[in-house]
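Asker: Below is a structure I'd like to ask you about.
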Amino acid sequence: MFQYILRRLLLMIPTLVGVSFVMFMLLKLAPGSVESMKFAATASEGGSGDTGDVEAMVEKFRKKYLLDQPNWKQYLHYVGPFNLGPDGHEMWGGTGKDPWNGLLAMDLGNKFLDPSVRVIDELKERLWVTVPIALLSVILSYLLALPIGIYSGVRQGHPLEVTSTVMLFLLYAIPTFWGGLMLQMIFGKTGLDLLPVLGLHDKNADQMGGFAYFIDLLKHLILPILVYSYGSLAYLSRQMRVGVVDTITQDYIRTARAKGLSEKVVVLKHVLRNSMIPIITLLASILPILIGGSIIVEVVFDIPGMGRYAYEGLTYREMNVVMATTLFSAFMTIVGILLSDIMYAVVDPRIRYE
């Protein structure tokens, strides 16, 4: 098992490099550019006599960050460690202070519109917001989906099972942005005025004590976590139901019942374990979906997390920001697949990795 995990971890490096190459080239094909965003205000404020000055500034900016170079050369700078800059230290992908920089040295570059800000520093701050919320949503989704799916699979046709099925299908059909807006209208000041709908804290949160500060944070997280969770909850519970329905018809389940085992023992000991494989497989897709879905949730609820960071990067054509958030989503996908493979052996002892 240890050797298998080590091999998978080592394979992450070429996989992430491949993802970075594909994403880099796709961004280069996308319309718009960061220099147009940076100098748009200058061009609109100046008259016709300033057109040459603006063009000179744009050309200087493109040369400084090698944006006038071929895409393959720009990508080599982003990955590093390469010293291909025109003046030997201006690196598109790195800080330029060390020839060993770029993606391979965990240097994600600086922001174009604010060169003093390192992307990796901002990304760390945003991850401390997004990752805990996403993990809480995953845990909540699984804790609710498992019993709902088991009950639906065991009690097929029961009125409560039919009702839960209809409700879950409705939840799965609700778009995330629409669900978030509806919850804001219902529980915010325009409705029941029970919960805050924007940000993570009130304006006077800095003056609160430790417990009051925690309660304030908790109240702000209720609606975002609910929006994060309801879609995955509906999907996971239906998949769990399918697994239970398929397992409960197997011969060994009939044998267990024929031996006189109680229905509770049959379900919890035999049906549950063998129905977990599809749910575990979905873990590989749930983690990156939550990170990607955070774009909508964080914009709607004004949460300063990685999703809104990616949205701002796309809006202002900050390629380093978009690359960093995309690579993290790819990393979460790989981690999810690895966790799924490890959990297979935990659920089914017959599975071994050599």
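The values are calculated or read from the model by the stated rules, or taken from the named source; none is laboratory data. The model shown is predicted, which means the values in this text are computed figures rather than measured ones. All Cβ positions, even for glycine, are placed from backbone atoms using ideal geometry, and neighbour counts span all protein chains on display.
Asker: Can you find a residue in the stretch 73-81 that is at pLDDT 60 or above, part of a helix (DSSP H, G or I) and over 21 Å from residue 325 (Cα atoms)?
Answerer: Among the residues of the stretch 73-81, at least one is at pLDDT 60 or above, part of a helix (DSSP H, G or I) and over 21 Å from residue 325 (Cα atoms), which makes the answer yes.
Asker: Right, residue 265: assigned to a helix (DSSP H, G or I), crowded, with 19+ Cβ neighbours inside 10 Å and modelled with pLDDT of 75 or more or not? Explain how you work it out, then say what you get.
Answerer: Details: assigned to a helix (DSSP H, G or I): yes; crowded, with 19+ Cβ neighbours inside 10 Å: no; modelled with pLDDT of 75 or more: yes.
When the stated conditions are applied, residue 265 does not pass them.
Asker: Among the listed residues 30, 41, which satisfies the condition of being at pLDDT below 75, of a type in the set (A, V, I, L, M) and over 16 Å from residue 103 (Cβ atoms)?
Answerer: On the way: 30 fails: at pLDDT below 75.
Only one candidate passes the filter, namely 41.
Asker: Hey, residue 178 hits all of (1) modelled with pLDDT under 85; (2) of a type in the set (Phe, Trp, Tyr); (3) more than 30 Å from residue 73 (Cβ to Cβ) but one; which does it fall short on?
Answerer: Here residue 178 clears every test but (1).
Asker: Restricting the stretch 107-122 to residues that are at pLDDT 80 or above and among the acidic types (Asp, Glu), which is farthest from residue 38 (Cα to Cα)?
Answerer: Per the stated criteria, the residue is 121.
Asker: Scan 183, 168 and give me the residue that is assigned to a helix (DSSP H, G or I), over 17 Å from residue 296 (Cα atoms) and either more than 22 Å from the chain's Cα centre (by Cα) or not aromatic (Phe, Trp, Tyr) (or both). Reasoning before the result, please.
Answerer: Working: 183 fails: over 17 Å from residue 296 (Cα atoms).
None of the other options fit; the residue is 168.
Asker: Is there any pair linking a residue in the stretch 1-26 that is closer than 21 Å to residue 340 by Cα to one that is hydroxyl-bearing (Ser, Thr, Tyr), with Cβ under 6 Å and at least six apart or on different chains, and which?
Answerer: 1/353; 4/353
Asker: Also, quick follow-up: Quick one: which of 179, 109 is outside the structural domain of residue 317 (by TED's automatic domain parsing), surrounded by 13 or more Cβ atoms within 10 Å (Cβ to Cβ) and farther than 20 Å from residue 239 by Cα? Outline the logic, then answer.
Answerer: Working: 179 fails: outside the structural domain of residue 317 (by TED's automatic domain parsing).
From the options 179, 109, the qualifying one is 109.
Asker: Okay, next question. Go through the stretch 204-222 and give me each residue that's modelled with pLDDT under 80 and either in contact with a Gly (Cβ under 7 Å, 6 or more places away or on another chain) or farther than 25 Å from residue 135 by Cα (or both). Show your work before the answer.
Answerer: Looking only at the stretch 204-222, we keep the residues that are modelled with pLDDT under 80, and these are 204-210.
Residues satisfying the conditions are 204, 206, 207, 208, 209.
Asker: Among the numbered criteria (1) modelled with pLDDT under 85; (2) out of contact with any Lys or Arg (no Cβ under 9 Å at 6 or more places or on another chain); (3) surrounded by fewer than 17 Cβ atoms within 10 Å (Cβ to Cβ), which one does residue 128 miss?
Answerer: (1)
Asker: Looking at (1) assigned by TED's automatic domain parsing to the domain that holds residue 275; (2) within 21 Å of the chain's Cα centre (by Cα), which one does residue 158 not meet, given that it meets all the others?
Answerer: Going through (1) assigned by TED's automatic domain parsing to the domain that holds residue 275; (2) within 21 Å of the chain's Cα centre (by Cα) one by one, residue 158 breaks only (2).
Asker: Okay, next question. Is it the case that residue 279 is crowded, with 19+ Cβ neighbours inside 10 Å, more than 30 Å from residue 201 (Cα to Cα) and at pLDDT 80 or above? First the steps, then the outcome.
Answerer: Values: crowded, with 19+ Cβ neighbours inside 10 Å: yes; more than 30 Å from residue 201 (Cα to Cα): yes; at pLDDT 80 or above: no.
Criteria not met by residue 279.
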